[in-house]
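Structure record follows, encoded as C-alpha cells.
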Amino acid sequence: MKILVTGAAGFIGYHLVEKLVGRGDTVIGLDCVNDYYDTGLKYARLKETGIAKDSIEYGREVKSSVHENYSFIKLNLEDRDGISGLFSGRGFDAVCNLAAQAGVRYSLVNPHAYVDSNICGFVNVLEACRHNGVGHLVYASSSSVYGLNERMPFSTEDNVDHPISLYAASKKSNELMAHTYSYLFKLPTTGLRFFTVYGPYGRPDMALFIFTRAIIENKPIDVYNHGEMKRDFTYIDDIVEGVIRVIDRPAAGDEAWNGAAPVPVRSPAPYRIYNIGNGSPVKLMDFIEAIEEAIGKKAVKNMLPMQPGDVAATWADTEGLFKDTGYKPCTDVKAGVKKFIEWYVKFYGVIL
C-alpha cells in the first residue's frame with residue numbers, strides 16, 4: 001500500500017514508519033518538527049529512518065538513505081495549500097494522522113496551539129482525503145476523551161461529553177469531524193484512543209522519561225495525587241501492531257445501527273473508534289517501582305496533589321479491537337520499562 005504517516009518524527013509515528021516500510025509499504029512521512037519538546041530527539045528518530053537533519057527543508061520531499069520505499073516532508077498540518085499539494089496525485093491508499101499538539105498540561109498554557117494543529121490541521125487532512133480518494137483515514141484520538149467518566153474499564157460505548165482539558169476536547173472534536181466526513185462523503189475513518197504509550201524513543205514530557213532522568217540524576221520526582229493513580233500503560237510495539245491491523249481493515253458501516261438507540265462508536269457510515277490499551281491498569285507506585293528496579297536505584301518522591309486536567313485512573317476496554325482485528329496488547333509493564341531503560345542508557349550514554 002501507499003501510506004501517508006503524519007507525525008513521522010514523533011514517538012508513535014517513528015515506530016509505525018519503521019514497521020510499515022519493513023513490511024514493504026511505500027510510505028511518506030510528514031512532520032513539522034516543532035519545539036514542543038527536544039527537537040534533537042525528533043531528528044534522532046528521523047535519522048534512524050534515513051532522513052538527515054541537514055537535508056530537510058520546509059515543503060521539500062527528502063528520500064530516505066536507508067529505506068528505498070520511504071520519503072519525508074517537513075510540513076505543518078495548518079498549511080492548507082501545502083497539505084492539498086502533498087495529496088494531489090499521490091493516490092494514497094491510507095493515511096494515518098498521528099500529528100497533533102499533544103499533552104494535557106500544556107493545553108492549559110497554550111490553548112491556541114491545540115486549535116491550530118488539532119482542529120484546523122485535522123480538517124485540512126479530512127478535506128485532502130475527501131478530494132483525493134483516500135481509501136482509509138486512521139487518526140489518533142486519546143484516552144483523555146473519557147474526562148469525568150468514572151465507569152471502569154473505559155468503553156468506547158460510553159458517553160465522552162465531559163472532557164476536562166482542551167487537549168481532550170480537541171480529540172473528541174476529531175472524532176465528531178471524522179464521522180461527518182464518513183457520513184457525507186463515505187470516507188472510511190477509524191479513530192484510535194491511545195492509553196499512556198511508553199517505550200524506546202518515547203516523549204520526554206511523559207512520566208517514564210521524566211522519572212527515569214530524575215532518578216538517574218539523583219533528583220526528586222513529582223508524584224501527583226499522592227501516588228493514588230492508575231494508568232493503562234501500553235508498550236509502543238503493542239500500539240504499532242494495533243495501528244497496522246486497523247489500517248489494513250477500513251471501517252465499514254454498521255447495518256444494524258439504530259438511530260433510536262445510537263451506539264457512539266459505530267454508525268451507518270464507514271466509521272469506527274477503538275481503544276488501544278493494555279487492558280490492565282497499573283498503580284503509579286508500582287510503575288515507579290518497576291523503574292527503580294530497572295535502574296537499580298530508589299527514587300526520592302515529592303508527593304503532590306492532583307494536577308488540573310488530569311484524571312486519577314485510566315483503564316481500556318479493548319474488546320472492540322479484539323473482536324474486529326483479533327489483536328490484544330499484552331506486553332508486561334516490567335518488561336516494557338526494562339526495554340525503555342536499556343534504550344535510555346544507550347542513547348544518552350549513561351553509566352548505571
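Below are the figures for this structure:
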{"read-out": "The range 13-38 - residue that is of a type in the set (D, E, K, R) and open to solvent by 50 Å² or more (accessible area, probe 1.4 Å) and, of those, nearest to Asp116 (Cα to Cα)", "value": "Asp35"}
{"read-out": "In the range 170-188, the residues that are charged (D, E, K, R) and assigned to a helix (DSSP H, G or I)", "value": "Lys171, Lys172, Glu175"}
{"read-out": "Top-ranked residue in the range 44-62 [being in contact with a Phe, Trp or Tyr (Cβ under 8 Å, 6 or more places away or on another chain) and open to solvent by 60 Å² or more (accessible area, probe 1.4 Å); ranked as nearest to Arg203 (Cα to Cα)]", "value": "Glu48"}
{"read-out": "Those residues of the range 264-308 which are in contact with a Pro (Cβ under 9 Å, 6 or more places away or on another chain), aliphatic (A, V, I, L, M) and open to solvent by 10 Å² or more (accessible area, probe 1.4 Å), in sequence order", "value": "Ala299, Val300"}
{"read-out": "Selected residue (criterion: nearest to Ala313 (Cα to Cα)) from residues of the range 265-283 that are assigned to a strand (DSSP E or B) and of a type outside the set (Lys, Arg)", "value": "Val282"}
{"read-out": "Scan of the range 214-232 for residues that are in contact (Cβ under 8 Å) with a residue 12 or more places away in the chain and either over 23 Å from Pro305 (Cα atoms) or open to solvent by 20 Å² or more (accessible area, probe 1.4 Å) (or both), ordered by number", "value": "Ile216, Asn218, Lys219, Pro220, Asp222, Tyr224, Asn225, His226, Glu228, Lys230, Arg231"}
{"read-out": "Sole exception among (1) open to solvent by less than 10 Å² (accessible area, probe 1.4 Å); (2) within 21 Å of Gly336 (Cα to Cα); (3) in contact with a Pro (Cβ under 6 Å, 6 or more places away or on another chain) for Ser182, by number", "value": "(2)"}
{"read-out": "Which listed residue is of a type in the set (Val, Ile, Thr), open to solvent by 30 Å² or more (accessible area, probe 1.4 Å) and in a loop (DSSP other than H, G, I, E, B), from Val350, Val345", "value": "Val350"}
{"read-out": "Hits in the range 77-116 - residues which are among the small types (Gly, Ala, Ser), assigned to a helix (DSSP H, G or I) and at pLDDT 95 or above", "value": "Gly82, Ser84, Gly85"}
{"read-out": "Filter pass, Glu18 being out of contact with any Cys (no Cβ under 7 Å at 6 or more places or on another chain), of a type in the set (Asp, Glu) and outside any loop (DSSP other than H, G, I, E, B)", "value": "yes"}
{"read-out": "Leu41 free of Cβ contacts under 8 Å to residues at least 40 places away in the same chain, in a helix (DSSP H, G or I) and open to solvent by less than 20 Å² (accessible area, probe 1.4 Å)", "value": "no"}
{"read-out": "Scope the range 145-169; condition touching a residue at least 60 places away in the same chain (Cβ under 8 Å) and not in a loop (DSSP other than H, G, I, E, B); matching residues", "value": "Tyr146, Phe154, Tyr167, Ala168"}
{"read-out": "Hits in the range 175-220 (condition: at pLDDT below 95, among the hydrophobic types (A, V, I, L, M, F, W, C) and touching a Lys or Arg at 6+ places or on another chain (Cβ under 6 Å))", "value": "none"}
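The values are calculated or read from the model by the stated rules, or taken from the named source; none is laboratory data. Computed from a predicted structure; not experimentally measured. All Cβ positions, glycine included, derive from the backbone under ideal geometry; neighbour counts span all protein chains shown. Note: accessible area is taken over every heavy atom of the protein model, side chains too, but ligands, DNA and RNA are not part of it. Shrake-Rupley method; radii C 1.70, N 1.55, O 1.52, S 1.80 Å.
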